[in-house]
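*Asks:* Quick one: the structure is below, questions incoming.
Readers should treat all values here as calculations from the given coordinates under stated rules, not as data from a laboratory. What you see is a predicted model; the values in this text were computed from it and never measured. For neighbour counting, all protein chains shown are included, and Cβ atoms are generated from backbone atoms with ideal geometry for every residue, glycine included.
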Amino acid sequence: MSPETAGFSGERLLQQRLGTTERAAEFYDRQVHPRLTPAMGEFIARQTMMFLSTADSRGACDSSFRAGPPGFCVALDERTLAYPEYRGNGVLASAGNMAENPHLGVLFMDFTHDHIGLHVNGTVRLYSDDDLRAWYPQLPIETAPGRQPHLWVHLTVEEAYVHCSKHIPHLEPAPRPRPATDRNRPKDSDYFTEHLPVGAP
C-alpha cells in the first residue's frame, strides 16, 4: 500500500503533530497490505479467538469476542474472510451494527506461541449458511462441535497488518474448571446485576 494513500486524516494530523510521519510512512509501506499474505492465511487458520470492532450508522462503537476451534474463521482467499455467528442472547449487537455500517475491524492475537497479532479491516455482508455455502462449498461443515451457524459474516479485506509482540502476555491454554468448583459464582445473566435494586436501569 502506498504511503500516500494509507491511513486516515486523523492519523496524518497526529503524526505531523507528534513527529512520527516518517516512521508511519515506513510502517504503511512495509506492513499494511491490501490483501492477506499466505503467512496471514496460515496464521488465521491456527487461531482460536478474535476480537471484533463494529459501529452503528451514527458511529457508536461496540467491541466483542469470538472463539472456536482452529479454523472457525476461514480465509476463503486472499481478499475474503468468513466466520459463523451462532444463536446467543438474541441481541445481535455486532451483526446489527454490521447491518447498519458494513465496516468491521478484526484483531487476532496469538498469546501462546509467536506472541504476535494481526489486524484485518474491511467491509462485510451477512449471509445465511445455505447462501454462503453455495458460493464457497469449502466452508467447514461443523465450525464448532454441535453448533450450527445462524449467520455467516463475509469480510472483504481492505487492509491487513501486524500488531507487534511488545506487551502481548503469554497465556497457557488450560481446561476450564468444572462449574461445581465455583458454586458462589452468579449465573451469567445475574453476574453484573444481582445486587441492583429492582427497577434500576
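*Asks:* Sum up the charges of everything whose Cβ sits under 12 Å from the Cβ of residue 135, counting Lys and Arg as +1 and Asp and Glu as -1, but leave residue 135 out.
*Replies:* Details: positive: 125, 133; negative: 77, 129, 130, 131.
Its environment carries a net charge of -2.
*Asks:* Give me the net charge for the shell around residue 117: Cβ to Cβ below 12 angstrom, other residues only, Lys and Arg +1, Asp and Glu -1.
*Replies:* Details: positive: 166; negative: 110, 114.
Net charge in that neighbourhood comes out at -1.
*Asks:* Can you give the extra length, in nm with one decimal, that the chain gains between residue 187 and residue 144 once fully stretched, where that is 0.36 nm per residue apart less the Cα-Cα distance? Spell out each step's value before the answer.
*Replies:* Details: separation 43, 0.36 × 43 = 15.48 nm, distance 2.32 nm.
Working it through step by step, the gained length comes to 13.2 nm.
*Asks:* Still on this structure, please answer the following. Classify the range 34-167 from the C-alpha gyration tensor, please: rounded if a/c falls under 1.5, else prolate or oblate depending on whether a/b exceeds b/c. Please list the in-between numbers first.
*Replies:* On the way: a/c = 1.41, a/b = 1.15, b/c = 1.23.
Here the range 34-167 falls in the rounded category.
*Asks:* Among 49, 76, 186, whose Cα projects farthest towards the positive end of the dipole of the chain, with charges put on the beta-carbon of Lys, Arg (+1) and Asp, Glu (-1)?
*Replies:* Toward the positive end, the furthest listed residue is 186.
*Asks:* Where does the charge balance sit around residue 34 when Lys and Arg score +1, Asp and Glu -1, over other residues with C-beta under 12 Å from its C-beta? Display every interim value, and only then the final one.
*Replies:* Working: positive: 35, 79; negative: 78, 158, 159.
That works out to -1.
*Asks:* Shifting gears a bit: As a check on your grasp of the helix formula, calculate [θ] at 222 nm for the chain: sum -39500 (n - 2.57) over DSSP H runs of n ≥ 4, divide by the residue count, round to the nearest 500. Mind dumping the intermediate values first?
*Replies:* Numbers: 5 runs with 45 residues, N = 201.
Computed ellipticity for the chain at 222 nm equals -6500 deg cm²/dmol.
*Asks:* Classify the range 1-85 from the C-alpha gyration tensor, please: rounded if a/c falls under 1.5, else prolate or oblate depending on whether a/b exceeds b/c. Write down the numbers at each step before the final one.
*Replies:* Working: a/c = 2.61, a/b = 1.51, b/c = 1.72.
Since a/c reaches 1.5 but b/c is at least a/b, the shape of the range 1-85 is classed as oblate.
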